[in-house]
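The values are calculated or read from the model by the stated rules, or taken from the named source; none is laboratory data. Just so we're clear, the structure is a prediction, and the values are computed from it rather than from any experiment. With ideal geometry, Cβ positions are generated from the backbone for all residues, glycine too; neighbour counts draw on all protein chains shown. Ligands, DNA and RNA are excluded from the accessible area calculation, which covers all protein heavy atoms including side chains. Shrake-Rupley method; radii C 1.70, N 1.55, O 1.52, S 1.80 Å.
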Amino acid sequence: MPSISDASSGPGYPRAATIDDFVRNIASVRARIAAAAERSGRDTSDIRLLPVSKTVGEDRIRLAVQAGCRELGENKVQEAKRKQGNLADLDVRWSVIGHLQTNKARDVAAFAAEFQALDSLRVAEVLDRRLQGVGRSLDVYVQVNTSAEESKYGLEPADVPAFLAALPRYTALRVRGFMTLALFTADTPRVRECFRLLRTLRDRARDADPALIGPGELSMGMSGDYEVAIEEGADCVRVGQAIFGARATANDHYWPTSTE
Ligand SMILES: *Cc1c(COP(=O)(O)O)cnc(C)c1O
């Protein structure tokens, strides 16, 4: 059963219920991003904050957009599609950040601006075909399993070079870089190792053939670990609970993974 006691959720994130709440939460996340960037000698304007609105109702999403959110991440295609349809009057860029089954590729091709969880050539192929069909292209991040957990989605690090080499034939996919989820643990050094591994893989991929990895961005870091991710080179952090408030459901409701 889902519990609310894992390392990355819980009562520490107050629920945003007004525009002012969202303005405050977003400002506080941005301040922490800026501090982490400064600590690591980076420019805060180079770091993209992707607010993650999964499980959040459309009324509160409207408030978040009024408070300044211009893009939103969702990890389930059905939920993202419904929200995109009902909120089509808003100027929002939708990013799908969760595992995709091939039978949902058509939906992603229809509405998403970006897909951050590409981890199989089968999905790449079907997505490319659907995109060609509607005359669109899509930004994608290749998801890598950096935590060595059996149950997590994402490519094994050793499989990354061959996977990148196979992607250019899917011409509707524009590779932006890599995405990962770190271990869910309060043990910061182990979390940091996951982020470092992703950066190392990116650096190696660039050395081997920079054309295969586009801008080579790193999408890593969530509410519980985005500052560490920035210290380790994150270009995009995906933050849900620190903006919207704690979710009632634990992360193992969204990923087939055990929490620590
Ligand atoms: C839910 C989710 C996030 C954000 O997690 P929070 O704890 O809400 O910040 C980031 N990335 C992915 C892939 C997610 O599913």
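Computed over the chain, relative contact order equals 26 percent, with contacts defined as Cα pairs under 8 Å that lie 6+ residues apart. For Leu155, the residues 5 or more places off, or on other chains, whose built amide H falls under 5 Å of its own are Gln143, Val144, Asn145.
3J(HN,Hα) couplings calculated from phi for region 210-224 with the Karplus curve 6.51 cos²θ - 1.76 cosθ + 1.60 (θ = phi - 60°) are, in sequence order, x, 5, 7, 10, x, x, x, 6, 10, 9, 7, x, 10, 3, x Hz; Gly and Pro show x.
Taking the chain as a Gaussian network, where each spring joins two C-alpha atoms under 10 Å apart, which residue of Leu181, Leu173, Leu121 fluctuates the most? Ranking Leu181, Leu173, Leu121 by mean-square fluctuation puts Leu121 first.
Under 5 Å from the amide H of Ala117 lie the amide H atoms of Tyr141, each residue being 5 or more positions distant or on a separate chain, with H modelled from the backbone and absent for Pro and chain starts. Rounded, prolate or oblate: pick one for region 32-190, where a ≥ b ≥ c are the square roots of the eigenvalues of its C-alpha gyration tensor, a/c under 1.5 means rounded, and failing that, prolate if a/b is larger than b/c, else oblate. Oblate, since a/c reaches 1.5 and b/c is not below a/b.
The antiparallel fraction among DSSP beta bridges confined to region 139-260 stands at about 0%. Nonpolar atom fraction for the chain, defined as the carbon and sulfur part of the 1.4 Å probe accessible area, stands at 49 percent. Across region 58-63, rounded Karplus estimates of 3J(HN,Hα) from the backbone phi angles (6.51 cos²θ - 1.76 cosθ + 1.60, θ = phi - 60°) give 5, 4, 6, 4, 4, 5 Hz, Gly and Pro being marked x. Sorting the segments 124-134, 201-211 by their residues' average number of neighbouring beta-carbon atoms within 10 angstrom, most packed first, yields 124-134, 201-211.
Applying the Karplus relation 6.51 cos²θ - 1.76 cosθ + 1.60 with θ = phi - 60° to region 132-137 yields 3J(HN,Hα) values of 4, x, 9, x, 10, 10 Hz, where x marks Gly and Pro.
Under a 5 Å amide H cut-off, with hydrogens placed 1.01 Å from N, Arg174 pairs with Leu138, Asp139, Val140 among residues at least 5 apart or on other chains. Restricted to Cα atoms, region 134-260 shows a radius of gyration and a Dmax of 15.0, 45 angstrom. The residues of region 19-246 expose on average 42 square angstrom of accessible surface per residue, using a 1.4 Å probe on protein heavy atoms.
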